[in-house]
Amino acid sequence: MVTLDLSFTQAFLREEEWLYFDPFVKNLHERLHNRQVPGSDFTGWLNLPSDILANGLDDILTAGKEIQSECDALVVVGIGGSYLGARAALEWSKPEYYNQLSAEKRGGPEIYFAGNHLSSDGLSDLLNVLQGKRVCLNVISKSGTTTEPAVAFRILRQYLIEQVGEKEAKRRIYVTTGKAKGALHALAVEEGMKAFVVPDDVGGRYSVLTPVGLLPLAAAGVDVLSLVQGAAQMQDSLRSPSVAENAAYRYAAVRNALYRKGKTTEILASYEPALKSFAEWWKQLFGESEGKDQKGIYPSSVAFTTDLHSLGQFIQQGSRNLFETVVRVENAQRDLSLPSETKVDDGLEYLAGKPLSWINEQARLATALAHSDGGVPNILLSVPDRSEKSLGQLFYFFELACAASGLLMGVNPFDQPGVEDYKVNMFALLGKPGYEQEQKDIVARLR
Ligand code: PA5
């Protein structure tokens, strides 16, 4: 289970400072579960793990197997909440060089992500890699109207039609979108494509345990049932409304207490390369949920020990508005030991025979000490391993913590009104019908 260790925050926060939030948390717990908080229409993720276990995952598992048998490569087309969770879980569960492994070792098709930018070079590079492969597409957009995935999907669909013809292309496209609305839904119905539904009451960044995340993961051979079971275990163990008993609420309270002391940037750190995309998922979750009404803790991330040789200097001695949250994986999947080398003196013989995981752990401890001595509080979250179960636990833990933390800050953690602003400007510049006046204004300003 996820455990929370606050040892390296004690020099910065007394226990009363986070216990102070207890009555507020009890109140928000009640209102959250009774759907009485701002944004309550988007709290379907709260019971999602237990609901999925009750209803089963047959459709997802069947489609996943179908993709495995029919495709060498699956392209997941989506942006933001419509791809970050799947990417995080894929990299967590599978080896770092997954796509380079043989089909047998992979246990699923190669997986690529598209539609998360508008770069022509980026998409061209992907099209090059796809040459000669049997390709499937999973296009994911809850609204069905987001520009980036829509543009990439049009290009990739044309590519697929050129390769295999219209009829076969339709069979190889899996659509994940909102129920009964949006352009993507209409296309899936019109063309008779296989479609999966994003529930209305689950927002993009909370949707990893819907078909948004589960379908591509099932196709890649990730154990999606264990993922959901892990989340359900966490759901079960986070039922208490009390900050002292509920680790997610405690984390939310500690973050808010640190925020009130001027710690306005949180750095998610990990010592495992496999968690890089998990940090991207986490940044979206907290950034989009809390950063509004001129409030919020800015979420950033580092990959240690790599970034100890770049951003480490800033964290140790730069602006003191930082705190760190380390996600620690206690056990390595395959532990290497440092071999003995007596012919050449490379200065490492004192470590001969030591497991790499032990060396990595000493680096973590050394860094926690150094950073907290340097004025950076350090929160530690541990999971036993890189199993799907542990990841499911972390997903649910952070979702609940994020909702609670945003509500403690007095914001609606389930909307993202600020995302619209760039879109209006972009649509105006692109000449989208309906944006004529904005276009005139913007062109005049840019001139
Ligand atoms: O969390 C969110 O709501 C956003 O990040 C969306 O997931 C993102 O904008 C993509 O939206 P859509 O799935 O409608 O294409």
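The values are calculated or read from the model by the stated rules, or taken from the named source; none is laboratory data. The model shown is predicted, which means the values in this text are computed figures rather than measured ones. All Cβ positions, glycine included, derive from the backbone under ideal geometry; neighbour counts span all protein chains shown. What goes into the accessible areas is simple: the full protein's heavy atoms, side chains included, and nothing from ligands, DNA or RNA. Shrake-Rupley method; radii C 1.70, N 1.55, O 1.52, S 1.80 Å.
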Can you spot a residue in the stretch 182-200 that is more than 8 Å from the ligand (Cβ to nearest atom), closer than 26 Å to residue 397 by Cα and in a strand (DSSP E or B)? yes
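Results for (1) touching a helix residue (DSSP H, G or I) at 6+ places or on another chain (Cβ under 7 Å); (2) open to solvent by less than 20 Å² (accessible area, probe 1.4 Å); (3) closer than 22 Å to residue 209 by Cβ, shown as yes or no for each residue.
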site: 401; (1), (2), (3): yes, yes, yes
site: 405; (1), (2), (3): yes, yes, yes
site: 423; (1), (2), (3): no, no, no
site: 427; (1), (2), (3): no, no, no
site: 431; (1), (2), (3): yes, no, no
Quick check: anything in the stretch 328-336 buried (at least 18 other Cβ atoms within 10 Å of the Cβ), within 30 Å of residue 204 (Cα to Cα) and touching a residue at least 24 places away in the same chain (Cβ under 8 Å)? yes
Is it the case that the stretch 211-232 has a residue that's touching a His at 6+ places or on another chain (Cβ under 8 Å), open to solvent by 10 Å² or more (accessible area, probe 1.4 Å) and modelled with pLDDT of 95 or more? no
Count, please, the residues in the stretch 158-187 that happen to be buried (at least 18 other Cβ atoms within 10 Å of the Cβ) and under 14 Å from residue 78 (Cα atoms). 6
For residue 117, only one of the following conditions fails: (1) more than 16 Å from the ligand (Cβ to nearest atom); (2) at pLDDT 95 or above; (3) surrounded by fewer than 19 Cβ atoms within 10 Å (Cβ to Cβ); (4) outside the structural domain of residue 325 (by TED's automatic domain parsing). What is its number? (1)
Output yes when any residue across the stretch 195-202 is assigned by TED's automatic domain parsing to the domain that holds residue 26 and open to solvent by less than 10 Å² (accessible area, probe 1.4 Å), and no when none is. no
Tell me which helices (runs of 4 or more DSSP H) are completely within the stretch 19-102 and hold 2 or more residues being at pLDDT 95 or above and surrounded by fewer than 18 Cβ atoms within 10 Å (Cβ to Cβ), or say none if there are none. 22-33, 48-55, 58-70
Need the failing condition index for residue 145 against (1) within 12 Å of the ligand (Cβ to nearest atom); (2) modelled with pLDDT under 95; (3) within 28 Å of residue 392 (Cα to Cα), just the number. (3)
Taking residue 292 as the residue in question, decide whether it is farther than 28 Å from residue 91 by Cβ and in contact (Cβ under 8 Å) with a residue 60 or more places away in the chain. yes
Residue check: is residue 322 open to solvent by less than 70 Å² (accessible area, probe 1.4 Å) and free of Cβ contacts under 8 Å to residues at least 24 places away in the same chain? no
